[in-house]
Amino acid sequence: MENIYDVIIIGSGPGGLSAGIYSSRAKLKTLVIEKKSFGGQILNTGVIENYPGVLEEDTGASLAERMVKQCTKFGAELIKDEVLDVELKNYIKTIKCKNNIYKTKSVIIATGCKHKNLNLNREKEFLGRGLSYCAICDGHLFEELPVYVAGGGESAVKESLYLAKFAKKVTILSKYDELKCSGYIEQKCRETKNIEIINNVKITELLGQDILNGIKIKNLKTNEESTFIADEDDNIIGLFIFVGLTPQTDLFKWLLNLDEKGYIKTDENMMTNIKGVYAVGDCRSKDLRQVITASNDGAIAAINVEKYIN
């Protein structure tokens with residue numbers, strides 16, 4: 001008889017792993033397919049403090065490792081492979097990967113999204129060494145240090161307000177003539193004493209050896225260049241990049257209902273417009289993208305998969 005899974009989970013971030021824990025614990029035949037590294041984007045997070053029950057010494061990688069162990073403990077199968085195509089409309093769905101073809105009664109999509117970057121040399125090198133894409137995750141690490149925020153949209157300004165609670169000073173570096181956010185948020189930003197806004201600029205170079213201690217910027221109207229260097233006592237600056245997110249949903253754009261930004265639309269049970277197909281975590285259309293909300297999505301989806309199959 002052909003090997004058919006009860007559920008295949010595409011992606012292994014907190015949403016995918018939580019779904020795997022719940023589905024395999026419910027005795028569903030579960031397969032988790034991951035293209036890169038098990039754990040998703042939390043692997044890039046140095047410190048995890050806002051997830052209930054984490055240990056003081058926990059990192060994103062250590063939390064992901066425990067999630068993986070918990071997932072396999074209940075019998076979920078985890079493989080590394082790249083999904084190339086999917087057929088989702090039939091009751092038995094087909095997942096075509098680089099190395100194999102898999103059949104399943106249901107699918108949970110947990111492909112996440114990726115941060116848009118600045119496309120600068122050494123950007124990956126400084127990740128976790130002064131450069132971050134998550135203020136809530138890493139803002140407290142820059143207490144009483146100078147912090148720079150790349151971006152001028154709603155997310156960048158909101159994150160700047162959060163960073164201002166910790167940083168000595170927050171400098172927003174925006175490519176726009178003015179901030180692209182709601183009037184209320186902009187007013188709060190301008191009323192915050194340790195936030196400065198510099199418009200019409202872009203970052204052109206990242207400086208430092210092992211850690212980020214300087215950035216170069218260019219004025220987009222005058223071409224004038226400036227450099228910000230860390231104080232000798234600090235020897236590090238923080239750079240938080242908020243120039244947008246790109247959902248990893250290209251495989252599904254002709255099959256599933258997406259919002260205007262490309263995120264997958266679901267109902268409160270995480271089901272998409274196709275029966276037996278669910279979406280969880282950062283690839284789903286929602287307001288807050290955190291480890292705890294992704295885990296919540298995964299649990300809800302898995303429970304509803306069990307109901308769907310039964």
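The values are calculated or read from the model by the stated rules, or taken from the named source; none is laboratory data. What you are looking at is a predicted structure, and each value in this text was computed from that prediction instead of being measured. When we count neighbours, we look across all protein chains shown, and the Cβ atoms used for this are built from the backbone with ideal geometry, even at glycine.
Tabulated data for the structure shown
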{"read-out": "Within segment 171-256, strands (runs of 3 or more DSSP E) holding 2 or more residues that are surrounded by 14 or more Cβ atoms within 10 Å (Cβ to Cβ) and of a type outside the set (Phe, Trp, Tyr)", "value": "195-198, 201-207, 214-219, 238-241, 245-247"}
{"read-out": "Count of residues meeting criterion [assigned to a loop (DSSP other than H, G, I, E, B) and of a type in the set (Gly, Ala, Ser)] in segment 22-39", "value": "3"}
{"read-out": "Enumerated strands (runs of 3 or more DSSP E) restricted to segment 73-168, each holding at least 1 residues that are in contact (Cβ under 8 Å) with a residue 60 or more places away in the chain and among the β-branched types (Val, Ile, Thr)", "value": "83-87, 93-97, 101-104, 107-109, 146-150"}
{"read-out": "Hits in segment 142-181 - residues which are aliphatic (A, V, I, L, M) and more than 19 Å from the chain's Cα centre (by Cα)", "value": "Leu145, Val147, Leu161, Ala164, Ala167, Val170, Ile172, Leu173, Leu179"}
{"read-out": "Residue check, Lys69 surrounded by fewer than 14 Cβ atoms within 10 Å (Cβ to Cβ), within 17 Å of Gly20 (Cβ to Cβ) and within 25 Å of the chain's Cα centre (by Cα)", "value": "yes"}
{"read-out": "The listed residue being modelled with pLDDT under 95, assigned by TED's automatic domain parsing to the domain that holds Met67, out of contact with any Lys or Arg (no Cβ under 7 Å at 6 or more places or on another chain) and surrounded by 19 or more Cβ atoms within 10 Å (Cβ to Cβ), out of Val291, Val305, Val277", "value": "Val291"}
{"read-out": "Residue satisfying all of: in segment 1-21; assigned to a strand (DSSP E or B) and aliphatic (A, V, I, L, M); farthest from Gly60 (Cα to Cα) among these", "value": "Ile4"}
